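The values are calculated or read from the model by the stated rules, or taken from the named source; none is laboratory data. Quick caveat, the model's predicted, so the values are computed rather than measured. Using ideal geometry, Cβ is built from the backbone for each residue, glycine included, and neighbour counts are taken over all protein chains shown. The accessibility values were calculated without ligands, DNA or RNA, using every heavy atom of the protein model including side chains. Shrake-Rupley method; radii C 1.70, N 1.55, O 1.52, S 1.80 Å.
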Amino acid sequence: MDLISFFARQRETDFIMFSAPHFIALAIAAGLCLLLFAARFALRTRPVLRNSVRWLLIIVLLASEGGLHVWYLSHDIWTSRNSLPLELCGITLLLSAVMLLTRSRLLYSFLYFAGIGGACIALLTPNLVYPFPHFRFLLFFTAHIAIVLASLFMTWAYGFRPVWRSLLFTMLCLNLIAVIVFGLDKLLDANYMFLAHKPSTFSVLEYFGPYPYYLLVEEAFAFIIFLLMFLIFFKLPEMIRSRRNTSRSRNL
């Protein structure tokens with residue numbers, strides 16, 4: 001693929017879900033998460049490394065969003081109906097950059113669920129038509145992987161943790177965002193966050209029924225995913241550690 005084709009608006013083929021490039025991108029995402037986890041102790045004890053990774057993630061997030069708008073503008077297709085960062089992942093991308101800049105626990109309590117959960121669903125079922133190695137393909141996966149890594153970084157490098165009220169806070173924020181975006185959709189005749197209809201590409205929404213019922217199912221689905229994320233990665237390990245400590249105390 002030459003440079004012109006790499007940035008071109010037209011394409012010869014479409015992105016194919018669960019193709020080899022898709023699986024490779026998912027493997028890279030998983031590998032980076034594991035690498036970040038493996039480096040958690042170094043990140044906590046080495047401030048220079050921690051700050052370097054934090055700024056790298058900020059740059060990647062903002063460059064991804066900026067690169068998308070440059071691509072739109074270069075092809076003269078930027079419109080308020082389709083190009084504003086009003087999709088859930090567009091919103092969580094910008095908030096992730098702010099969270100990393102400010103080290104905000106409040107933003108983390110929202111982004112751990114909405115950022116990681118939303119980006120992971122997007123990685124599994126991308127709303128994408130451009131295949132590898134197109135610029136849009138690379139931009140899509142870079143941006144969504146960075147959203148996931150941002151909250152994991154704050155978890156493992158700074159010791160941030162969600163709590164039970166973070167679940168309620170996240171659901172309240174998502175509904176508030178949805179109300180605002182729904183109003184903007186009506187104003188702009190747009191479909192941000194797929195509040196007007198389902199996306200043209202395959203997504204998990206295909207299993208949630210027709211409009212508008214899929215919006216209610218989507219909300220229940222999101223809550224279940226967020227609850228599992230909290231139970232499996234925080235409460236379950238906490239219970240296991242507590243039982244081990246109790247068992248050791250009895251044996252002393």
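Data overview
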| quantity | calculated |
| --- | --- |
| Farthest positive-ward along the chain dipole, Cα basis, beta-carbon charges - from Cys89, Ile58, Leu176 | Ile58 |
| Net charge dipole size for the chain [Lys, Arg +1 and Asp, Glu -1 on Cβ; Debye, nearest 20] | 1700 debye |
| Correct option for Kirkwood radius over Cα pairs in Å [calculated from the coordinates] among (1) 18.6; (2) 21.0; (3) 19.7 | (3) |
| √(5λ) per eigenvalue of the Cα gyration tensor, segment 144-252, largest first, Å | 38, 16, 13 |
| Length-normalised contact order for the chain - Cα pairs under 8 Å, 6+ apart - percent | 24 percent |
| C-alpha long axis of helix 88-102 to longest principal axis of the chain, angle in ° | 50 degrees |
| Dipole magnitude (debye, nearest 20) for segment 52-202, charges at Cβ of Lys, Arg, Asp, Glu | 460 debye |
| Trypsin sites (Lys or Arg not before Pro) within segment 90-172: DSSP coil, no more than 16 neighbouring Cβ in 10 Å | Arg103 |
| Debye equation applied to the C-alpha atoms of segment 1-61, log10 I(q)/I(0) at 0.29 Å⁻¹ | -1.15 |
| Mean-position separation - Cα centroids, segment 173-252 and segment 1-67, in angstrom | 23 Å |
| Most to least packed among 40-49, 144-153, 223-232 [average Cβ atoms within 10 Å] | 144-153, 223-232, 40-49 |
| Positive-end residue of Ile147, Asn245, Ile225, charge dipole of segment 121-252 with Cβ unit charges | Asn245 |
| Surface share of carbon and sulfur [accessible, 1.4 angstrom probe, percent] for the chain | 69 percent |
| Computed over segment 21-145: relative contact order in percent, which uses C-alpha pairs under 8 Å that are six or more apart | 29 percent |
| Solvent exposure ordering (accessible area, 1.4 Å, most first) of Trp156, Trp164 | Trp164, Trp156 |
| Percentage relative contact order, segment 150-232, counting C-alpha pairs under 8 Å, at least six apart | 21 percent |
| Solvent-accessible ranking of Leu236, Leu187, largest area first, probe 1.4 Å | Leu187, Leu236 |
| Whole-number accessible area per residue in Å² for the chain, which is evaluated in the context of all protein chains at 1.4 Å | 56 Å² |
| Environment charge at Thr125 (Cβ cut-off 15 Å; Lys +1, Arg +1, Asp -1, Glu -1) | -3 |
| Nearest 10 degrees, 0 to 90: helix 236-251 Cα axis against the chain principal axis | 10 degrees |
